[in-house]
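Trainee: Mind having a look at this structure? Questions to follow.
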Amino acid sequence: VNATANFSEENRLGSGGCGVVYKGILENKKEIAIKKLARKNLKELEREVSLVAELQHENLVKFLGHCFQDDKMFLVYEYLSSKSLSNYFKGSGDYQKLDWAKWLNIIKGVARGLTYLHLDSGKDIVHRDLKPSNVLLDSNFGAKIADFDLARGYNRERSHESTRNTAGTYSRVLCGREILHQIGRV
């Protein structure tokens, strides 16, 4: 509560299906991001926390801690000052800030993060909701994958996985030329 000035609107970074994210500043001046969760199954939340607490990679947002007290639930992450990748698509105010070298660096960072999740983490994880708003950028425009509430492990030995429930954000898939058009490089 103190770090976010009582969850003031001025410190609000964004919101999603699971809650609202606020910027917080600790007494030692360290900046953090606090996800104030709304209506989440405690068992499902504990599974998510146990999953992300063990993931350590330069291209994944760092999980710093959590607080479950009474009916209030919070997740604490590192704060990334350059916001999400969605802020840099054509038509946004920040879209001119990224040259091709920065875009390529972001693409490589996302690929390294996914390789870690899928192959190198030892947990064989599928994110299931990768989209521009879930790719956060640090002050040097390094990409970090965020928002693991839909992530699931999979069995690498099986030839395929089936699911009964749809997960993730419904949207039209962008391919090659459409992506370049969105970022204004065509």
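Trainee: Evaluate the following for L75: is it under 22 Å from K131 (Cα atoms), surrounded by 12 or more Cβ atoms within 10 Å (Cβ to Cβ) and in contact with a His (Cβ under 6 Å, 6 or more places away or on another chain)?
Mentor: The answer is yes for L75.
Trainee: If you don't mind, another one. For residues that are without any contact (Cβ under 8 Å) to a residue 40 or more places away in the chain and part of a loop (DSSP other than H, G, I, E, B), scanning just the stretch 141-155, find the one that is surrounded by the most Cβ atoms within 10 Å (Cβ to Cβ).
Mentor: For the stretch 141-155, the residue satisfying everything is L150.
Trainee: Has the stretch 39-54 got at least one residue that is within 15 Å of D138 (Cβ to Cβ) and crowded, with 18+ Cβ neighbours inside 10 Å?
Mentor: No: zero hits.
Trainee: Kindly indicate which of S8, S81 is exposed (fewer than 15 other Cβ atoms within 10 Å of the Cβ) and under 16 Å from the mean Cα position of the chain (by Cα).
Mentor: Matching residue, one of S8, S81: S81.
Trainee: Same structure again: With in the same structural domain as M73 (by TED's automatic domain parsing), farther than 14 Å from F74 by Cα, more than 15 Å from the chain's Cα centre (by Cα) and part of a loop (DSSP other than H, G, I, E, B) as the only criterion, which of E27, E58 stands out?
Mentor: E27
The values are calculated or read from the model by the stated rules, or taken from the named source; none is laboratory data. Predicted model only: the values in this text are computed from it and were never measured. Here Cβ is always computed from backbone atoms with ideal geometry, including for glycine, and neighbour counts include all displayed protein chains.
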